[in-house]
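Participant: I have a structure here, written as structure tokens, and I will follow up with some questions on it.
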Amino acid sequence: MLFANINEEDLCVLDEFEKKNTLYIEVKTKNRGCICKSCGTYHTDIKEYVLKKITHSIFHNKSCTILYHHRRFLCPGCGKTSMEDNPFCSERNHISDRTIDNILKFLKRYNNPFRAAAEYYDVAVSEVIALFDKYCQMKRLLLRKAICLDEVYFSRKRKKKYVLIILSFANGDILDVLKDRDKRTIASYLRSIDLNERNKVEYAVIDMNDSYREVLPRYLHNATIIADPFHVVSRVGKALDDVRKRVMRRYEGNKKSDGYYLLKYRDEIFFKEELSNEAVYNGHFKTHLSEFQLMRMIKALDKELEEAYDLYQAYLSYNHTDYEDINKALNDLESYIRDCKLSGIEEFIALASTLTFWKTEIVSSFCKVNGDRVTNGPLEGRNSMIKKILKIANGYSNFGRFRNRLMYSLNKNSRHSFEL
Ligand SMILES: [Zn+2]
């Protein structure tokens, strides 16, 4: 159907022509008369026609403009004039309802920028944004049994560069986005939510950030706070990487040395969970070497580095353990923390304090919900989409709009509020 909100038999097409790849459709509607708003007289008297240009982008290969002869009635009873109902646009604007609906649907896809919508539907970017702001005000979603909290980079132009995303663990829906992750922001947000709803949260996964740990238990009384395992592993990885860099500095005087080559250019091997046995030609050593052999050479460089590597691997295998008994997970973590301290490696001694501080939350991460550990995994999948949304827009300066865009375009069931 070419037009929404109007029956074909009510429409008189006066002319149709193309000019500069734009299709013009000149129309008026059948005169069904009107009831005067002032005196209530029904009449069909016309004072004049006002020509309205309406953007009606329903074709993909060309623009379309409706030239609408908008009828103005003149009441014979009281002499007042009134415009007939405009069936093409519900608003006092020049974009047809069908176009608005198309634009909003187009923006539902996260990788469609406002600019593309403007080009595609032949309206100004500012108008696309105004439509989005008007019809895509997203309400927060209800808290769930298991929620994930994580920061997401927003803008470098802002004092607070990160925003806080609250996600449903079960389906990855964005429940809300907060402007920053200050204690005060999180507290006032949670306080605004009804206690019954808050009490339904049983698990809250967080990255290792102090503010959550302090605030969440005050408002989520039934929630077990869980340190996201990926974040913990990356903390341990950072300790190993710091040792690597420290040892590497010793070789900086001789950039052609084997030690410098291994530590500077083959650092990816450190973080692999499994090393390959397959020998590949190595340009530096001019021979075939496997990752295993390279790792052996790396370990031979420095005693502390070797131990740091083994400690990192030990944490990976701890993290992969399937614990039936949470007390066992606690004992193993405590013994791991002792190993870190005993290593005497400064980076791992510092790590031991971090792990001690987060002990309860780390151990809780071995709890299972419907057979799975609760992690911030659902956000990992969202992160690349969020980055893309920022990139295609060249960043956002308006936080509210960014929040609406994320919730509108990334949540499968979100709807705009424009009614066709
Ligand atoms: Zn009247």
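The values are calculated or read from the model by the stated rules, or taken from the named source; none is laboratory data. Since the model is a prediction, treat every value here as computed from it, not as a measurement. Please note: Cβ atoms are built from the backbone with ideal geometry, for glycine as well, and neighbour counts cover all protein chains shown. Areas reflect the complete protein model, heavy atoms only, side chains present, ligands, DNA and RNA absent. Shrake-Rupley method; radii C 1.70, N 1.55, O 1.52, S 1.80 Å.
Participant: Helix 210-219: angle to the longest alpha-carbon principal axis of the chain, degrees 0 to 90, nearest 10?
Facilitator: 60 degrees
Participant: Reported to two decimal places, what Rg/Rh ratio describes the chain when computed on Cα atoms with Rh from the Kirkwood expression?
Facilitator: On the way: Rg = 31.6 Å, Rh = 26.8 Å.
Radius of gyration over Kirkwood radius for the chain works out to 1.18.
Participant: How big is the charge dipole of the chain about its Cα centre, in debye rounded to the nearest 20, if each Lys and Arg gets +1 on its Cβ and each Asp and Glu gets -1 on its Cβ? Don't jump to the answer; show the numbers that get you there.
Facilitator: Working: 70 positive and 58 negative charges, 329 e Å.
Roughly 1580 debye for the chain.
Participant: Also, quick follow-up: What angle do you read, to the nearest 10 degrees and between 0 and 90, between the alpha-carbon axis of helix 229-249 and the longest principal axis of the chain?
Facilitator: The two axes meet at around 60 degrees.
Participant: Then there's this: Taking the Cα-to-Cβ direction at LYS238 and at THR360 and moving 7 Å from each Cα, how far apart do the two end points lie in nm?
Facilitator: 2.3 nm
Participant: Hey, another quick one. If you filter segment 156-227 for trypsin sites (Lys or Arg not before Pro), then keep DSSP loop positions with at most 11 other Cβ within 10 Å, what is left? Write down the numbers at each step before the final one.
Facilitator: Details: sites: ARG156, LYS157, ARG158, LYS159, LYS160, LYS161, LYS179, ARG181, LYS183, ARG184, ARG191, ARG198, LYS200, ARG213, ARG218; in loops: ARG156, LYS157, ARG158, LYS159, LYS160, LYS161, LYS179, ARG181, LYS200.
When the trypsin sites (Lys or Arg not before Pro) of segment 156-227 are filtered for loop state and at most 11 Cβ neighbours within 10 Å, ARG156, LYS157, LYS159 remain.
Participant: Next question, about the same structure. Which distance in Å, rounded to a whole number, links the C-alpha centroids of segment 203-236 and segment 83-109?
Facilitator: Between the Cα centres of segment 203-236 and segment 83-109 lies a distance of 45 Å.
Participant: Rank LYS328, LYS391, LYS28 by accessible area, highest first, at a 1.4 Å probe radius? Walk me through the numbers on the way to the answer.
Facilitator: Values: LYS328 100, LYS391 160, LYS28 60 Å².
Descending order: LYS391, LYS328, LYS28.
Participant: Helix 97-108 versus the longest principal axis of the chain: what angle, 0 to 90°, nearest 10, using Cα atoms?
Facilitator: That works out to roughly 0 degrees.
Participant: Using only helices, what value at 222 nm comes out for the chain when you add -39,500 (n - 2.57) per DSSP H run of length 4 or more and divide by the total residues, to the nearest 500 deg cm²/dmol? It would help to have the intermediate numbers written out before the result.
Facilitator: Working: 15 runs with 176 residues, N = 420.
Result for the chain, helices only: -13000 deg cm²/dmol.
Participant: Percent of Cα-Cα pairs more than 27 Å apart in segment 135-269, please. Kindly include the intermediate steps, with their values, before the conclusion.
Facilitator: On the way: 3509 of 9045 pairs.
Distances greater than 27 Å cover 39 percent of the Cα pairs.
Participant: Separate question: Sort the following peptides by mean Cβ neighbour count (other Cβ atoms within 10 Å, averaged over residues), highest first: 230-236, 77-83. Show your work: numbers first, answer last.
Facilitator: Numbers: 230-236: 18.7, 77-83: 13.0.
Final packing ranking: 230-236, 77-83.
Participant: Something else now. Which cysteines does the chain leave without a neighbouring Cys Cβ under 4.7 Å?
Facilitator: Unpaired cysteines in the chain: CYS12, CYS34, CYS64, CYS89, CYS136, CYS148, CYS340, CYS367.
Participant: Would you work out the charge dipole size for segment 8-96 about its Cα centre, treating the Cβ of every Lys and Arg as +1 and the Cβ of every Asp and Glu as -1, and quote it to the nearest 20 debye?
Facilitator: Numbers: 14 positive and 12 negative charges, 77 e Å.
The calculation lands at about 360 debye.
Participant: Once the whole set of protein chains is in place, how much accessible area is left on ILE389, using a 1.4 Å probe, in Å² to the nearest 10?
Facilitator: 0 Å²
Participant: Moving on. Quick one: putting +1 on the C-beta of Lys and Arg, -1 on the C-beta of Asp and Glu, what dipole do you get for segment 124-198 around its Cα centre, in Debye to the nearest 20?
Facilitator: I would put it at about 440 debye.
Participant: Segment 229-364: Rg/Rh from Cα coordinates, Kirkwood Rh? The partial results should precede the final answer.
Facilitator: Values: Rg = 16.4 Å, Rh = 16.0 Å.
That ratio equals 1.03.
Participant: Given contacts defined as C-alpha pairs under 8 Å and at least six residues apart, what's the relative contact order of the chain, whole-number percent? Write down the numbers at each step before the final one.
Facilitator: Details: 637 pairs, mean separation 64.0, N = 420.
That works out to 15 percent.
Participant: Turning to a different aspect of this structure: Measure off 7 Å from each Cα along the Cα-to-Cβ vector at LYS108 and GLN313, then give the distance between these two points in nanometres to one decimal.
Facilitator: Using points 7 Å along Cα→Cβ, the separation is 5.1 nm.
Participant: Show me the GluC sites (Glu not before Pro) within segment 1-70 that DSSP assigns to loop and that have at most 10 other Cβ atoms within 10 Å of their Cβ.
Facilitator: Working: sites: GLU8, GLU9, GLU16, GLU18, GLU26, GLU48; in loops: none.
When the GluC sites (Glu not before Pro) of segment 1-70 are filtered for loop state and at most 10 Cβ neighbours within 10 Å, nothing remains.
Participant: Roll a 1.4 Å probe over the protein chains and send me the accessible area per residue for segment 229-364 in Å². Intermediate values should be presented prior to the final figure.
Facilitator: Numbers: 7420 Å² over 136 residues.
For segment 229-364, the solvent-accessible area averages 55 Å² per residue.
Participant: Using mean Cβ contacts within 10 Å as the protection proxy, how do 247-256, 139-148 order, highest first? Display every interim value, and only then the final one.
Facilitator: On the way: 247-256: 12.7, 139-148: 18.5.
Going from most to least packed, we get 139-148, 247-256.
Participant: Given points 7 Å out from each Cα along the Cα-Cβ axis, report the ALA187 to LEU275 separation in nanometres with one decimal.
Facilitator: 5.0 nm
Participant: Expressed as a rounded percentage, what relative contact order does segment 229-364 have, with Cα pairs under 8 Å and six or more residues apart? Don't skip to the answer; put the middle values down first.
Facilitator: Working: 113 pairs, mean separation 35.8, N = 136.
It comes to 26 percent, rounded to a whole number.
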